[in-house]
Amino acid sequence: MTLDRTLRPLAVLGSQPAFAEPLHVGRPNMGDPVRMLERISDVIDTRRLTNGGPYLEEFERRIAALAGVDHCVAMANATIGLEIAIRALGMAGEVILPSFTFIATAHVLQWQGITPVFCDIGRDTYTIDPAAVERLITPRTTGIIGVHLYGQPCAVDRLAEIAAEHGLRLLFDSAHALGCSYGGRPVGSFGDAEVFSFHATKFVNSMEGGAVVTADANLADNLRLMRNFGFTFYDRVSALGINGKMSEMSAAVGLTNLESMDAFISVNRSNYERYRQGLEGISGIRLVVSDESDKRNYQYVVIDVDETAAGLSRDTLQAVLWAENVLARRYFYPGCHRSEPYRSMFPTGTWTLPETERAASRVLSLPTGQAVDLDAVDTICSLIRSAVALAPAVRSAADTRLYREALTIHDASQLA
Ligand code: T4K
């Protein structure tokens, strides 16, 4: 394949946007529509809507098998899954987690009165730095939450050693890492438990949904109890619980989408490869490469923008793309520690997170998945190539009305 390296006119410089309709990061993938409708219609016919049911049970069996563990407890979403897992594991006091993650990873602690202790990430891995974890352990620490960011597993072995040495619980936020593996072992089989997300924006979705997977039978029993108000029988409540249940409709959708998981990965991988080729040689633009020695789902295509080498900042590049209707996202800017309530709770200088700050100012997620074809990827790459080639003009357009309009087309606050 010969790549088209010709430059494109840019909307921020007065041309028409390259795409008439927005291209999103997180547009849902959908499995076989016939199977999907059959199952949805079955849910309606049987009137088995929630509180357990055949689709939920089958979904749990399939996810447990994928994760290589005996137990899967499906949840309404990953956020409630994390909350319930944290409580079931008895975490309290302080828990160490990366700041460079989606805000839910921090909120699930704070929501339960547990102090989140923000840890830095590795420069190349974007995942929690085990050496930094060790420095943050205090007598109040009860656990560590690692996040397999962008589907790249954390240093699970080292984290397990640290957890064992200090008697800490180890939980993984695996929202991005379904179908990935580490050292040949599936993600889902590490730590005390792991939590998947099946939110609409995840590459396998159940519309809203999550699941806690674990090898520990007692923990699984506890998770099931907590997920359903603590009920052990019709009118017998045996423990404190909440409502974390996944509905049958979600399970039916999740199950159908799961059947297309390999097809979704294959689309993601083709897009990722095409981005890799199309972005090659653009000064200051580096594709965050998936470590392919293990299984990956290629759900996130992320670039790192070196402002000095590219001649334009990550935020300027994002504005250029938004003006073209390419809604690239800054996952995960600005880092949890710079978001409320944490920004106000902790005085400036509490955290030393140089790699987090660096990553948060440089990364940009690009659209992929079923809704993005290779031609669209080619166009996006050529827009990025053109923005870098025309960087002086793009920068000087930054003060013009056109440019400001580009910033406000969608949600200016996203770009603040
Ligand atoms: N831990 C980590 C590391 C996570 O990334 C997440 C969630 C969680 C925990 C918690 O998992 P859940 O409790 O959600 O199961 C989105 C998602 O809401 C969130 O689930 C996800 N991470 C995060 C990375 O992204 P937003 O606010 O950035 O998404 P939003 O609504 O802007 O959607 C992105 C784009 O996707 C939209 O511009 C349009 C498109 N879209 C979205 C939805 C929901 C559609 O085309 N259809 C849709 O139904 O948070």
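The values are calculated or read from the model by the stated rules, or taken from the named source; none is laboratory data. On a predicted model such as this, the values are computed, not experimentally measured, just so you know. When we count neighbours, we look across all protein chains shown, and the Cβ atoms used for this are built from the backbone with ideal geometry, even at glycine. The area values use the complete protein model at the heavy-atom level, side chains included, leaving out ligands, DNA and RNA. Shrake-Rupley method; radii C 1.70, N 1.55, O 1.52, S 1.80 Å.
Structural remarks
- Residue count for the range 73-111, restricted to those that are more than 15 Å from the ligand (Cβ to nearest atom) and either out of contact with any Lys or Arg (no Cβ under 6 Å at 6 or more places or on another chain) or in a strand (DSSP E or B) (or both): 6.
- Unique match (being surrounded by 18 or more Cβ atoms within 10 Å (Cβ to Cβ) and in contact with a strand residue (DSSP E or B) (Cβ under 6 Å, 6 or more places away or on another chain)) among LEU255, LEU223: LEU223
- ARG48 being part of a loop (DSSP other than H, G, I, E, B) and farther than 25 Å from VAL302 by Cα: yes
- Just so you know, in the range 26-61 the residues that are among the aliphatic types (A, V, I, L, M) and in contact (Cβ under 8 Å) with a residue 12 or more places away in the chain include one that is nearest to the ligand (Cβ to nearest atom), and it is MET30.
- When LYS245 is tested against (1) open to solvent by 10 Å² or more (accessible area, probe 1.4 Å); (2) in contact with a helix residue (DSSP H, G or I) (Cβ under 7 Å, 6 or more places away or on another chain); (3) more than 16 Å from the ligand (Cβ to nearest atom), just one condition goes unmet, and that condition is (3).
- Positions within the range 153-180 being more than 13 Å from the ligand (Cβ to nearest atom) and either of a type in the set (A, V, I, L, M) or free of Cβ contacts under 8 Å to residues at least 12 places away in the same chain (or both), in sequence order: ALA155, VAL156, LEU159, ALA160, GLU161, ILE162, ALA163, ALA164, GLU165, GLY167, LEU168, LEU170
- Given (1) charged (D, E, K, R); (2) more than 12 Å from the ligand (Cβ to nearest atom); (3) touching a His at 6+ places or on another chain (Cβ under 9 Å); (4) closer than 21 Å to ASN51 by Cβ, number of the condition ASP216 does not satisfy: (4)
To keep it simple, each residue is scored yes or no on (1) closer than 30 Å to LEU374 by Cα; (2) in contact with a Leu (Cβ under 9 Å, 6 or more places away or on another chain).
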site	(1), (2)
GLN16	yes, no
PRO28	yes, no
ASP45	no, no
THR79	no, no
SER99	no, yes
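- Residue among SER197, SER189 that alone is out of contact with any His (no Cβ under 6 Å at 6 or more places or on another chain), open to solvent by 10 Å² or more (accessible area, probe 1.4 Å) and within 14 Å of the ligand (Cβ to nearest atom): SER197
- Between THR138, THR115, THR125, the distinction of being more than 11 Å from the ligand (Cβ to nearest atom), under 21 Å from VAL363 (Cβ atoms), open to solvent by 10 Å² or more (accessible area, probe 1.4 Å) and of a type in the set (Ser, Thr, Tyr) belongs to THR125 only.
- Qualifying residue in the range 338-352 (condition: within 13 Å of the ligand (Cβ to nearest atom) and of a type in the set (S, T, N, Q)): yes
- Test result for LEU23, within 16 Å of the ligand (Cβ to nearest atom) and modelled with pLDDT of 95 or more: yes
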